[in-house]
Amino acid sequence: MKCPFCGYIESRVIDSRATEDNEKIRRRRECLKCQERFTTYETIENIPIMVIKKDRSREIFSEDKLLRGILKSCEKRTIKMSDIENIVSEIKKQLQNSMEKEVSSLFIGNLVMERLKKIDSVAYIRFASVYRQFSDTSQFIDELLKFFSKNSELIFLFLNITQRGEPVVLLLKNPLRISKSSSSFRGVDKDSSTELLRYS
């Protein structure tokens with residue numbers, strides 16, 4: 001801190017105390033060159049973080065908006081509300097500690113997916129399917145292949161439901177090797193599988 005009397009940049013703190021409203025820290029300093037004393041105040045920087053959206057427009061980072069997005073991906077799952085709130089809190093803290101005034105929505109989305117992947121695979125895929133806005137089903141299957149390729153116990157089947165024309169992803173209890181070019185299967189016992197989500 002530059003001394004207001006002689007301009008020397010080194011000083012020592014001789015007293016620190018909070019202001020009455022606890023909004024600032026008052027520090028008495030002594031210049032190491034001229035020994036004059038002066039007062040400084042330390043406050044929390046409350047500069048809002050701006051989020052750069054995909055269309056390059058900007059909006060202020062919102063914890064509530066982030067929470068709502070994660071909650072939608074976690075519907076009907078056995079995820080504790082405290083775990084979801086912790087994800088939001090961790091991401092907010094990471095953004096604040098980064099010292100960046102602007103961050104991309106892509107960066108925030110990746111932070112969410114990193115955490116969802118650890119606690120619930122279904123919530124992760126749900127979030128990714130909406131967040132990444134896959135242009136066709138092949139991109140969606142590519143994402144599933146990447147996610148499940150490291151876990152041999154989770155083999156998924158991509159079915160084309162002809163009645164509605166809605167692709168449905170199923171997690172199979174029994175191993176089954178398939179290629180991503182497969183579009184429909186016959187003789188599949190649906191009772192031995194668990195529906196993951198609908199992609200449309």
Q. If you go through region 41-49 one residue at a time, do you hit one that is under 16 Å from the mean Cα position of the chain (by Cα) and within 30 Å of Ala123 (Cβ to Cβ)?
A. yes
Q.
Looking only at region 37-54, how many residues end up being among the aliphatic types (A, V, I, L, M) and exposed (fewer than 10 other Cβ atoms within 10 Å of the Cβ)?
A. 2
**Q.** Scan of region 63-91 for residues that are part of a loop (DSSP other than H, G, I, E, B) and either of a type in the set (A, V, I, L, M, F, W, C) or under 17 Å from Pro48 (Cα atoms) (or both), ordered by number
**A.** Cys74, Ile79
Q: Take the residues in region 107-127 that are farther than 14 Å from Lys72 by Cα and of a type in the set (A, V, I, L, M, F, W, C), then tell me which one is surrounded by the most Cβ atoms within 10 Å (Cβ to Cβ).
A: Ile108
Q: Hey, can you tell me all the residues within region 92-106 that are surrounded by 15 or more Cβ atoms within 10 Å (Cβ to Cβ) and outside any helix (DSSP H, G or I)?
A: Val103
Q: Would you please name the residue that is farthest from Asn86 (Cα to Cα), looking only at residues in region 97-135 that are at pLDDT 85 or above and among the basic types (Lys, Arg)?
A: Lys101
Q. With respect to the numbered conditions (1) closer than 30 Å to Val122 by Cα; (2) at pLDDT 90 or above, which one is the sole condition not fulfilled by Lys54?
A. (2)
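The values are calculated or read from the model by the stated rules, or taken from the named source; none is laboratory data. Because the structure is predicted, anything quoted here is derived from the model rather than measured. Counting neighbours? That spans all protein chains shown, and the Cβs are built from the backbone with ideal geometry, glycine included.
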